[in-house]
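J.: This structure is in structure tokens; I'll ask about it shortly.
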């Protein structure tokens, strides 16, 4: 059941990804909050790369010939050699990567084409872990999903529950043992639990 009222929360990014769906991009951010895990969904962000502006017309002609939909915009930014650059925006990740290949085959250098959409989204908003977000919550099994999301950096620090995983193998990759060790601190005393499984247990 969806709640149309937007909610403001703080969280910490645990995982992020991006892909194409139905002709547009989707960014997924998994975060931990004080109320549990949450998935932030951001749609219709445009992936972008840059080229030197002197090559803008040639690049646009190449993309038009290949049928790759895009938008371009000259910027006030420059390269390290002080050459002005133009941004090329795409509606899907597929077009973004295909566009790069078409342009490179014509001898044009692509700048920042290796930055993933979800990484650029976080980087441009100065989010490196902790964030504050506002979005429309949708209840899912075991987590809350947020749509129409906007984010900004914050100083939020989650109370992580940590477990350590140790694998012991031979030089040939044979598994000898798996060790798990976890600690929780609910009071002044910190109990630890360790589990070791050896190959003889299989």
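J.: Over the Cα atoms of the stretch 98-190, what Rg and Dmax result, in angstrom?
T.: Just the Cα atoms of the stretch 98-190 yield Rg and Dmax of 21.9, 65 Å.
J.: Can you compute the equivalent ellipsoid semi-axes for the stretch 5-69, i.e. the square root of 5 times each eigenvalue of the Cα gyration tensor, sorted largest first and rounded to whole Å?
T.: For the stretch 5-69, the semi-axes come out at 37, 13, 10 Å.
J.: Volume per residue, Å³, of the convex hull around the alpha-carbon atoms of the stretch 91-139? It would help to have the intermediate numbers written out before the result.
T.: Details: hull volume 5.6 nm³, N = 49.
Convex hull volume per residue, Cα atoms: 115 Å³.
J.: So, one more: What length, rounded to one decimal in nm, is gained on full extension from residue 58 through to residue 147, with 0.36 nm per residue of separation minus their alpha-carbon distance?
T.: Taking residue 58 through residue 147 to full extension adds about 28.2 nm, to one decimal.
J.: Once you treat every alpha carbon in the chain as an equal point and sum by Debye, what is log10 I(q)/I(0) at q = 0.09, 0.10, 0.17, 0.19 Å⁻¹?
T.: Here the Debye-derived log intensity ratios amount to -0.56, -0.66, -1.08, -1.20.
J.: Per-residue ellipticity at 222 nm for the chain, helices alone: DSSP H runs ≥ 4 residues times -39500 (n - 2.57), over residue total, nearest 500 deg cm²/dmol?
T.: It comes out at -4500 deg cm²/dmol, rounded to the nearest 500.
J.: Let me ask something additional. Listed highest first by mean packing, meaning other Cβ atoms within 10 Å per residue, what order do 138-146, 161-169, 95-103 come in?
T.: The densest-packed peptide leads the list: 95-103, 138-146, 161-169.
J.: Still on this structure, please answer the following. Using Cα pairs closer than 8 Å and at least 6 residues apart in sequence, work out the relative contact order for the stretch 48-109, in percent.
T.: With pairs under 8 Å counted, the relative contact order is 42 percent.
J.: When only Cα pairs under 8 Å and 6 or more residues apart are kept, what is the percent relative contact order across the chain?
T.: Relative contact order for the chain comes out at 22 percent.
J.: Quick one: order 19, 30 by neighbouring beta-carbon count within 10 Å, fewest to most. Spell out each step's value before the answer.
T.: On the way: 19 13, 30 16.
The most exposed by this proxy come first: 19, 30.
J.: Something else about it: Can you pull the semi-axes for the stretch 31-104, root of five times each eigenvalue of the Cα gyration tensor, sorted largest first, whole Å?
T.: One finds semi-axes of 31, 17, 9 Å for the stretch 31-104.
Since every read-out is calculated from the coordinates, none of them should be taken as a lab result. Just so we're clear, the structure is a prediction, and the values are computed from it rather than from any experiment. Because the Cβ atoms are built from the backbone with ideal geometry, glycine has one as well, and the counts that use them run over all protein chains shown.
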